[in-house]
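Engineer: Let me begin by handing over the structure; questions about it come next.
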Ligand SMILES: C[S@@+](CC[C@H](N)C(=O)[O-])C[C@H]1O[C@@H](n2cnc3c(N)ncnc32)[C@H](O)[C@@H]1O
């Protein structure tokens with residue numbers, strides 16, 4: 001598949017044609033070429049006078065493309081961590097038992113440096129690239145195109161001007177021992193764009209969402225888990241004769257999805273979750289629903305799949321967002337719902353009675369808000385919303401676009 005916009009198409013054509021491109025990444029300016037083209041790789045190294053024995057990272061332009069290329073060689077813990085860290089300003093060092101991308105790995109073929117970026121200008125680029133910062137070896141990183149040495153700008157085959165960039169290079173995170181050793185074995189080798197706290201939170205999230213133990217842990221932690229799931233499915237289906245399309249936010253291992261698909265038999269289902277490992281489990285759990293189901297690795301903070309959807313539902317996921325992120329998500333949910341569409345939100349909340357807060361929470365990862373705040377943000381997003389179910393610190397809210405009436409209990 002060819003890339004989307006004009007810059008993305010030119011970039012992909014340059015890489016496929018064996019050229020070297022200068023482009024704005026999500027951090028600083030970089031040089032890129034095909035990672036398996038020896039001539040292009042030596043030219044890139046020569047241009048910036050980088051010693052040939054030094055490794056460079058392989059960059060993908062979507063998590064899905066990276067997982068297609070590497071997924072088979074990664075263990076579930078690592079997949080889970082990558083799902084939480086990427087796309088983003090992190091270069092992750094991974095074990096490379098299959099010896100993929102040997103030219104990029106240089107003198108250490110057992111280690112692969114992985115970057116996954118989300119750059120709107122280069123969205124849709126389907127080829128991976130070998131990339132290195134656009135400077136002369138040892139020189140400063142370039143925040144603006146003008147900061148890139150003139151000789152590099154003149155020598156490359158393509159320049160994609162990304163405007164002014166944040167200017168801080170990626171954090172280099174070593175996850176080579178993570179699969180067996182867990183978060184304590186992860187090492188930040190270079191501080192950079194993503195802070196240590198965010199890295200630690202991403203790696204700690206691992207514990208919560210291991211698909212192998214999820215079911216047992218969530219039932220232990222939330223005794224009313226099944227009641228909440230049933231309330232979400234009921235609120236989604238209540239008063240509706242037919243729903244043709246639905247989107248679930250935070251599909252996890254597919255427990256909410258299974259109930260929604262059963263209650264709304266005509267509906268095509270799109271599920272998103274940041275964890276590739278959880279979605280792998282969901283793929284197996286939802287196999288019986290055949291082609292009705294499409295699952296995508298994405299964060300709720302990313303653009304939502306294009307609608308329109310008649311239903312958007314979510315259980316136990318939105319509370320991972322900050323208040324501002326929730327308000328922003330609600331506006332984006334409103335935009336992908338069709339007229340008369342419905343948003344059903346089942347989640348952990350901050351209850352009025354603090355003694356009712358029984359769900360165990362991880363600071364920095366679980367960020368519940370009150371029902372009142374969430375109703376207000378929903379109203380600001382253009383919804384008519386109300387609470388239809390609650391038990392302790394769990395709640396189900398139904399929000400309708402102005403054209404539709406709020407159904408539910
Ligand atoms: C508790 S599980 C809920 C799964 C399912 N809905 C259920 O009720 O069993 C939460 C899910 O949200 C996902 N998640 C957490 N934060 C997310 C984010 N910012 N974007 C997308 N998914 C996220 C996690 O990977 C996990 O699979």
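Engineer: State yes or no: is residue 290 on the phi > 0 side of the Ramachandran plot and either more than 9 Å from the ligand (Cβ to nearest atom) or touching a strand residue (DSSP E or B) at 6+ places or on another chain (Cβ under 7 Å) (or both)?
Structural biologist: In short, yes.
Engineer: Got a number for residues in region 226-246 being within 12 Å of the ligand (Cβ to nearest atom) and over 16 Å from residue 397 (Cα atoms)?
Structural biologist: Number of matching residues: 1.
Quick grid of which residues meet (1) surrounded by fewer than 17 Cβ atoms within 10 Å (Cβ to Cβ); (2) touching a residue at least 40 places away in the same chain (Cβ under 8 Å); (3) assigned to a helix (DSSP H, G or I):
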| residue | (1), (2), (3) |
| --- | --- |
| 138 | yes, no, no |
| 141 | no, yes, no |
| 146 | yes, no, yes |
| 153 | yes, yes, yes |
| 159 | no, yes, no |
| 164 | yes, no, no |
| 168 | yes, yes, no |
| 176 | no, yes, no |
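Engineer: Under 16 Å from residue 391 (Cα atoms) and near the ligand (Cβ under 9 Å from one of its atoms) - does that describe any residue in region 199-211?
Structural biologist: So far as region 199-211 goes, no, none of its residues is under 16 Å from residue 391 (Cα atoms) and near the ligand (Cβ under 9 Å from one of its atoms).
Engineer: Moving on. Would you please name the residue that is modelled with the lowest pLDDT, looking only at residues in region 252-281 that are within 13 Å of the ligand (Cβ to nearest atom) and part of a loop (DSSP other than H, G, I, E, B)?
Structural biologist: 275
Engineer: Anything in region 110-125 that is within 20 Å of residue 8 (Cβ to Cβ) and in contact with a strand residue (DSSP E or B) (Cβ under 9 Å, 6 or more places away or on another chain)? List them, or say none.
Structural biologist: 115, 116, 117, 119, 121, 122, 125
Engineer: Mind checking which residues of region 316-360 are in a loop (DSSP other than H, G, I, E, B) and more than 20 Å from the chain's Cα centre (by Cα)?
Structural biologist: 349, 350, 351, 352, 353, 357, 358, 359, 360
Engineer: Could you list, ordered by first residue, the pairs with Cβ atoms under 6 Å in which the first is in region 286-301 and more than 16 Å from residue 273 (Cβ to Cβ) and the second is within 16 Å of the ligand (Cβ to nearest atom), at least 6 apart or interchain?
Structural biologist: Cβ pairs passing all conditions: 289/261; 292/269.
The values are calculated or read from the model by the stated rules, or taken from the named source; none is laboratory data. Just so it is clear, the structure is predicted and the values come from calculations on it, not from any experiment. Note: ideal-geometry Cβ built from the backbone for every residue, glycine included; neighbour counts use all protein chains shown.
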